[in-house]
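The values are calculated or read from the model by the stated rules, or taken from the named source; none is laboratory data. These numbers were taken from a predicted model, which means no experiment stands behind them. Neighbour counts run over all protein chains shown; Cβ positions are idealised from the backbone, glycine included. Accessible surface is based on the protein model in full, side chains and every heavy atom, while ligands, DNA and RNA are left aside. Shrake-Rupley method; radii C 1.70, N 1.55, O 1.52, S 1.80 Å.
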Amino acid sequence: MTPQNIIIKNGTVFDPVNRIDGEVMDIAVSNGKIVERVNESSAIVIDASGKVVLAGGVDIHSHIAGPKVNMGRILRPEDHYRNLKPKTAVKRSGVGTSCPSTFTTGYDYSEMGYTTVFEPANPPLKMLHVIDELNDTPMLDKACYPLFGNNWHVMEYLKDNRHDELAAYVAWMLKSVKGYAVKLVNPGGVENWKWGGETTPLDEPVKHFDVTPRQIIQGMCNAVKRLNLPHQMHIHANMLGTPGNYETALETLDSVRQIAGANDGKPVIHLTHVQFNIYGGTNWMNLSSGAEHLAKYINNHNHASIDIGQIVFSDTTTMTADGPFEFKLQGMTGARWINGDIEAETGCGIVPIHYKKSNYVHAIMWITGLEASLMIDDPWKVCMTTDHPNGGYFTTYPRVMAWLMSKKARQKLTNKVNKRARSKTALESLDREYTFSEVLISTRAGTARLLGLKNKGHLGVGADADIAIHDLDFRKIDPSTTPRKFRKAMQKAVYTIKDGEIVVKDGEVVKSVPGRIYWADAKVSDDLARTVETDLRQKFQDYYTVQMSNYIIAEKHIVNSTPVRVNAEV
Amino acid sequence: MTSLQVTVLSGRTLRQGVGKEAGKTSDRYRTAVSVCEMHPEDIAALLIKPGDYVRLTTAYGTVVLKSASSNQFPRRGVVYIPYGPYANQLFGPDTDSSGMPTFKGTIATVEPAGPEQFKKIEELFDAEAKI
Amino acid sequence: MQTYQDVVCTVCGCLCDDIEVDVDGNKVMKARNACAMGTSKFLSYTHDRIETPMVRKNGSTQPANLDEAVTKVAEMLVNAKYPAIYGLALSSCEAVKVAIELTEEVGGVMDNQSVVCHGPGVLGLHEIGVSTCSLGEIKHRADLIICWGCNPDEAHPRHFERYSYTAKGRWRNGKADRKLVVVDVRQTSTARKADKFVQIDQGKDYELVNALRTALRNEQIQQEKVAGVPVEDIEELAELLRNAEFGVILFGLGVTQTVGKGRNIDGLFSLTRDLNKYTKFQIMPARGHFNVNGVNEVSAWQTGFPYGIDFSHGYPWYNPGETTVTDIVRRGENDAMLVIASDPIAHFPKDLANRIRKSPLAAIDPVHSVTTLVADVVIPSAFAGIECEGIAYRMDGVALPLKKVVEPSQGVLSDEDILKKILGKVRELKGRSG
């Protein structure tokens, strides 16, 4: 069935990409796209007067599916008991708070006005699992970032200085396991952890491999750039969750500065959930926020973007490919711990955590995320995330948006946090309040741009008709002074439109749609592709416990498989 | 008659695994799952030979099986029966609130039995259907 | 004749994916690389097949057509207040998805074979978590392998050669570079291969695990023997564990089905966690049925829970011991049961088998089983991984695509398609009554 034409009338439109900032106007939708106009007599008319009309939310980094999320679900039945969702005429049943079941994840995002969510850390060997979960995550367009930072082939190509082959291998991998972007997590450090070792600073060679994390970061960054992938290298830096680690974060960013070269303005690195990576201090007792160092760097350079990984005081679940970090965390908290190492590729760790206002370290974390958000001037470089579920669940986004837009909201919570932490923060001196457009940049316009999604994050003609309408009348609600009302309005969309179909009405899913799965198909030279395939055939049997043909994922396993073709420079 | 008190374990054997894949109605499967592997001295204590039939009785049920001398050196008083309908005649339904019945570690008495007391699988259940 | 490469074997949780299957005229002629169980399955899958759907009429089951059988099953589920849907460990994940939707639709309880195999491991996981890895990690790194209450030699015949003891890995050249320790009640064939065999008293696993944890902390054990094992041996074993560079514990039903159940696994997971303070240590359940892990995975992502999922409230609910099918049957709560690719009548204790038979029972299976023998409705299905495709999960969570190498008999559908028909019929009937 072709989706019906829709016309959204008299809404207050915010569309930072097209420089529309609260203009009352109509938006027309036809065939899943935003169009100039439609015939009003045959269209569904939505009266949006007194409401805001936005592009659907685009999440650049949220752990919603795959082996580690599922291990989190199995680990924590008590997490599910806090949120039980019965089946309705439209919705499948589900459960879960920090690790919700797949259907529930899709519905909750959609009801919050989000239409695109990218899953940011996947072991290639288990990608069929990730894809199969994403198939069961409705309402959203999705994509995955396979992990490369501790991959044996990567380290061996780098050691042998075979950079062309490395790029071709990355292309082969994305195409084979249907990944969209390249993710590095604690490059080198996870391979060390597989012998019980630790995360390493950038210049310590990886045990047995004789390459350094710096070489991996630079080599992969270069490869991604040469492949012309839609999204730049996405990295979870070394030394995450360690006092004083802001220096490693800055070193990481600076290590690829040259690679941006003449392309200044087009970022080559995305440093993710920076909040966990920009601490000052030398131990947990004197931990401090290093946000100002990061902000200074980002404000002065254009080759890097970030997302925040804001924490929200709540009981949530940490999960990451950074196995050694989670091992340290369980050592500190004594909480339950899952570790899951993956042959020749990566690792995984999961530890539940309760972020408490009274806890000095947690308060510093909360402060650090907000400081970074507020101190970086250009919102196009900053994505609002909670690194769901590591900092908090994605359903808390409206709360984070309110903190960005309201000094009052921040102050209210600052008054309640650990006093010693409070005494060490610059947060209270920061007067900046995001404008609504700035919030939209960091939750859709900017994220879509960084992900290379030209048809998302805006409402221009030709854009995908992924639209959120929220009951937010700025004549009545001032986010700065009435943040709770703002939060409530952003929590549930009055309408969510996905690909031109009304899927949410009055904050409830009214139609389930599957969404699509994007992956990158980078075309490299035939010679290079053949060389890499020959290399892989030789080593595959030795490195892996599956056959190469079974490692490659057939498109038939993907619901709405959507390759994004790019021509590589190799 | 001579009898012994033993602990019954059930478990996977390669023969049972192969027999299972060959079909649950095959003789191979029935033969594979209707044995009671015992310590040779326990068999001797019952004044029987390996291959003679034995009756096992627990608080939950009773079954006749062919005895076999275990080559796996269990401690005396431990007997082993492959997974399947014969072993399950002996186990109770309780799960200790875990979902899992006790398939290993039920106390039984074992005594000699005659071959005529042995039942085929279908005779363990009163089904009308033919196999 | 056609040869299919890289076929996934659908017997045990090893999911060996290097099988070469020769097919001639829709018949499997040969299965190279497979173990005895795998060969038996590939060569004997035509034996003992259920020829036609069967429906009980006037006391005895009679051949029926598929629609009639499907309608019977749908009616049985719709008329029941609390139906149980059970099985699927020998089916594909695609079938699991439909079964979950069906259970949700009829407000019943859905459970799978892990309730009687590695369910207690899940209980241990809720308490402690687990440090584990993919099988290749063992192949490349392990210099110490502990088989605790498992017998891979008989239950997972190619585990050692492909993934562990005798496998050649990046830093381990087969068994020359590894030690094998077996902890078991019996000296199994695996135990006879071991460098060290620890014979333990039946039902005393929890005691031995905790004695090991005590020894690891260098604390005195105030006894001469624990679980029948001399304390000196326990201390020596603790040293061996501590001094490994990369150790792994493979555990089996020897610890999940015996006294202690989940507590035994809780203990083993804790021991593994303790060991990571000294060295690198992993633990992994040796899963039995080829896709029992897949049922757990799909159930977990769709419902939050890996087994024993109760939909009677409209949302998924879970509490093993209460919502597990064994307990529901024991209490006589279910008033119908649909079994898919499983044989609970043979594999549940007799009392449970008898109780299952007290209410309407339907079975979907490729082959005759004790359950199909006594069921009221029987629907024959195609073998996943031989006659139809699908996805299955290896014991370490690696998902693999199952191949179709031969056509099923005319009219025989996959579990997935049969369940879809039942679901469709259920919705039709509910629509009519509602």
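Summary table
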{"item": "Matching option when the condition is in contact with a strand residue (DSSP E or B) (Cβ under 9 Å, 6 or more places away or on another chain), in contact (Cβ under 8 Å) with a residue 60 or more places away in the chain and either within 9 Å of chain C (Cβ to nearest Cβ) or closer than 30 Å to residue C:392 by Cβ (or both), among A:62, A:101, A:93", "result": "A:62"}
{"item": "Pairs where the first residue, in region C:162-191, is closer than 21 Å to residue C:252 by Cα and away from chain B (no Cβ under 14 Å) and the second is small (Gly, Ala, Ser) and open to solvent by less than 10 Å² (accessible area, probe 1.4 Å), C-beta under 6 Å, 6+ apart", "result": "C:166/C:174"}
{"item": "Residue B:111 without any contact (Cβ under 8 Å) to a residue 40 or more places away in the chain and more than 7 Å from chain C (Cβ to nearest Cβ)", "result": "no"}
{"item": "Any strands (runs of 3 or more DSSP E) falling wholly within region C:133-222 and containing at least 2 residues that are open to solvent by less than 30 Å² (accessible area, probe 1.4 Å)", "result": "C:144-148, C:179-184"}
{"item": "Selection count where residues are part of a helix (DSSP H, G or I), open to solvent by 10 Å² or more (accessible area, probe 1.4 Å) and over 13 Å from residue A:301 (Cβ atoms), scope region A:217-250", "result": "7"}
{"item": "Failed item in (1) among the aliphatic types (A, V, I, L, M); (2) more than 19 Å from the chain's Cα centre (by Cα); (3) open to solvent by 10 Å² or more (accessible area, probe 1.4 Å), with residue C:286 passing the rest", "result": "(2)"}
{"item": "Selected residue (criterion: farthest from the other protein chains (Cβ to nearest Cβ)) from residues of region C:9-34 that are part of a loop (DSSP other than H, G, I, E, B) and surrounded by fewer than 23 Cβ atoms within 10 Å (Cβ to Cβ)", "result": "C:25"}
{"item": "Filter result (of a type in the set (A, V, I, L, M) and within 13 Å of chain B (Cβ to nearest Cβ)) within region C:199-212", "result": "C:200"}
{"item": "Within region C:244-280, tally of residues that are of a type in the set (Val, Ile, Thr) and assigned to a loop (DSSP other than H, G, I, E, B)", "result": "3"}
{"item": "Among the candidates B:59, B:44, B:108, B:68, residue that is assigned to a loop (DSSP other than H, G, I, E, B) and of a type in the set (Gly, Ala, Ser)", "result": "B:59"}
{"item": "Members of region B:114-125 found to be open to solvent by less than 70 Å² (accessible area, probe 1.4 Å) and within 10 Å of another protein chain (Cβ to nearest Cβ), listed by number", "result": "B:121, B:124, B:125"}
{"item": "Qualifying residues in region B:54-105 (those that are among the small types (Gly, Ala, Ser) and within 11 Å of residue B:36 (Cα to Cα)) - the one farthest from the other protein chains (Cβ to nearest Cβ)", "result": "B:67"}
{"item": "Any hit, region C:86-95, residues being modelled with pLDDT of 95 or more and within 11 Å of chain B (Cβ to nearest Cβ)", "result": "yes"}
{"item": "Selection from region C:104-128 of residues that are under 15 Å from residue C:318 (Cα atoms), hydrophobic (A, V, I, L, M, F, W, C), crowded, with 24+ Cβ neighbours inside 10 Å and within 11 Å of chain B (Cβ to nearest Cβ)", "result": "C:115, C:122"}
{"item": "Pick from region B:1-19, criterion open to solvent by 20 Å² or more (accessible area, probe 1.4 Å) and in contact (Cβ under 8 Å) with a residue 12 or more places away in the chain, ranking: farthest from residue C:10 (Cα to Cα)", "result": "B:1"}
{"item": "Candidate set from region C:297-332 (those that are open to solvent by 10 Å² or more (accessible area, probe 1.4 Å) and away from chain B (no Cβ under 13 Å)); member that is farthest from residue A:100 (Cα to Cα)", "result": "C:312"}
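Matching residues to (1) within 30 Å of residue C:73 (Cβ to Cβ); (2) over 26 Å from the mean Cα position of the chain (by Cα); (3) not small (Gly, Ala, Ser):
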| residue | (1), (2), (3) |
| --- | --- |
| C:5 | no, no, yes |
| C:21 | no, no, yes |
| C:27 | no, yes, yes |
| C:33 | no, no, yes |
| C:36 | no, no, no |
| C:49 | yes, no, yes |
| C:52 | yes, yes, yes |
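Residue by residue, here is whether (1) buried (at least 21 other Cβ atoms within 10 Å of the Cβ); (2) closer than 27 Å to residue A:269 by Cα; (3) in contact (Cβ under 8 Å) with a residue 60 or more places away in the chain; (4) of a type in the set (Val, Ile, Thr) holds:
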residue: A:309; (1), (2), (3), (4): yes, yes, yes, no
residue: A:316; (1), (2), (3), (4): yes, no, yes, yes
residue: A:332; (1), (2), (3), (4): no, no, no, no
residue: A:342; (1), (2), (3), (4): yes, yes, yes, yes
residue: A:346; (1), (2), (3), (4): yes, yes, yes, yes
residue: A:354; (1), (2), (3), (4): no, no, no, no
residue: A:365; (1), (2), (3), (4): yes, yes, yes, no
residue: A:388; (1), (2), (3), (4): yes, yes, yes, no
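Per-residue answers, yes or no, for (1) of a type in the set (D, E, K, R); (2) under 23 Å from residue C:111 (Cβ atoms); (3) in contact with a helix residue (DSSP H, G or I) (Cβ under 8 Å, 6 or more places away or on another chain):
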| residue | (1), (2), (3) |
| --- | --- |
| C:369 | no, yes, yes |
| C:372 | no, yes, no |
| C:378 | no, yes, yes |
| C:409 | no, no, no |
| C:417 | yes, yes, no |
